[in-house]
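The values are calculated or read from the model by the stated rules, or taken from the named source; none is laboratory data. Not measured: the values here are computed from a predicted model. Cβ: placed from backbone, ideal geometry, glycine included. Neighbour counts: every protein chain shown. What goes into the accessible areas is simple: the full protein's heavy atoms, side chains included, and nothing from ligands, DNA or RNA. Shrake-Rupley method; radii C 1.70, N 1.55, O 1.52, S 1.80 Å.
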Amino acid sequence: MIIAGLMTGTSADALDVVLAEFVHDDTVLADENSTLLDDENTALGVRILANREVEFDDQLRRDILRLLEPADVPLSLLSSVDARLGRFSAGALQQVCAEAGVDCDLVVSHGQTVRHDITDGVVTSTLQIGQPAWIAEATGVPVLSDVRARDVAAGGQGAPLVGILDSLLLGDVEASTAMLNLGGIANITVLAPERAPLAFDTGPANALIDVLARRITKGEEDFDRDGELAARGRVDEELLGQLLADPYYRLPAPKSTGKELFHADYLDRFLSARSSLGEFDAIATVTALTARTVSDACHAHGVTTIIASGGGTRNPTLLGRLASELGPGVTLASTDQAFGLPEGAKEALLMALLGWLSWNGLAGTEPNLTGAAHPSIAGRLSPGRGPLALPEPLAAKPTRLRILDR
């Protein structure tokens, strides 16, 4: 089964597209690892047939970023971006499919999270836009969307959802290991021997860095390319201490956050009291904030190995600071090195995996990962050109996921 995963993250800079072929057949998987034959239907393989990052046009990017700020916006803007993002996603997917010479059986579109409201640690609402009907109409195949809402309705955080993918990729571990994603927000999944997996957002990854990068470059860059801006500054320890005092970091897991908390106005409340602070020192300090909060979360769970993905892995200043904070006893690697999975493809692959699980009647969320009362089948389906015809539900969820060679 070939599934397209579409992911638009909190950095709101591009649409990640993955075309993934899922293989649930032990005779094929035995070529990868004969131990997968031990238990029937416990192994799932996936081939990455295509992986693209399709940048938004300037107007769409600006309008998405406007929706992510906590200020009031006209309903017409929300409606317009919902439709434009749906059409953009449809066009981008058609382009990637044409270039790869691949037709997909199912599309899973995360859409853009524009609200993720939390009161006293409880997620009260979550909203992802990017109308899936445009994708279904253009491609003619079913589209799974709105993958977070059911978990929220069941009392969960609805985020991070990536714990299900991380658990399948890692399987059993011999020592405490964290899968780290450095997007707009940083999240980790911690797996340890004889303990249930735990997933949560640690705090901002690129969210505050991006705010300052746009200001320093006067809008010419949306991020700190190669960490060059932060490398020109020095960390202001007093400001760093003030940022670290945010109550979010002391909340127990599972927990989630977003740009509803970590946004430009939030950062300016701290910077306004330090008007003499240079712009390069400011971006160096928020880069250190990301490194420290990730490191603190990993140390709190005894993590000795971290496998990282996301746009932040392309920032050597951030990674260098993180390695320093972690210390010599912690190994830092990438998903490319650990699994042969491109770091930029991981979250779009997660969408494809959720699609495979939902299509086969399997839950895509777990209570220990999101805090929900029970597991849930993720998302809702928009039919393609024909009626929906789902297969008989599988009796058991796979326990491992292997990245297969093409």
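Details
Conditions (1) polar (S, T, N, Q); (2) free of Cβ contacts under 8 Å to residues at least 40 places away in the same chain; (3) open to solvent by less than 10 Å² (accessible area, probe 1.4 Å), marked per residue:
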site	(1), (2), (3)
A98	no, yes, no
V107	no, no, yes
G121	no, no, no
T126	yes, yes, no
W134	no, no, no
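- Checking each residue in the range 74-96 for being of a type in the set (A, V, I, L, M, F, W, C) and open to solvent by less than 70 Å² (accessible area, probe 1.4 Å) picks out L77, L78, V81, A83, L85, F88, A90, A92, L93, V96.
- Residue tally, condition within 11 Å of L44 (Cβ to Cβ) and either touching a helix residue (DSSP H, G or I) at 6+ places or on another chain (Cβ under 6 Å) or of a type in the set (G, A, S) (or both), over the range 353-395: 1
- In the range 339-361, residue nearest to A396 (Cα to Cα) [restricted to those that are open to solvent by 30 Å² or more (accessible area, probe 1.4 Å), touching a residue at least 40 places away in the same chain (Cβ under 8 Å) and part of a helix (DSSP H, G or I)]: W359
- Any hit, the range 33-43, residues being surrounded by fewer than 17 Cβ atoms within 10 Å (Cβ to Cβ) and at pLDDT 90 or above: no
- Any hit, the range 306-327, residues being modelled with pLDDT of 95 or more, farther than 29 Å from Q128 by Cβ, of a type in the set (K, R) and open to solvent by 50 Å² or more (accessible area, probe 1.4 Å): yes
- Top-ranked residue in the range 243-292 [being outside any helix (DSSP H, G or I), of a type in the set (A, V, I, L, M, F, W, C) and under 18 Å from I185 (Cα atoms); ranked as least open to solvent (accessible area, probe 1.4 Å)]: F262
- Residue in the range 179-188 that is free of Cβ contacts under 8 Å to residues at least 40 places away in the same chain, farther than 15 Å from G5 by Cα and in a loop (DSSP other than H, G, I, E, B) present: no
- Neighbours by Cβ (under 8 Å, 6+ apart or cross-chain): first from the range 376-390, on the phi > 0 side of the Ramachandran plot; second of a type in the set (A, V, I, L, M, F, W, C): G379/V108; G379/L144; G379/V147; G379/L354
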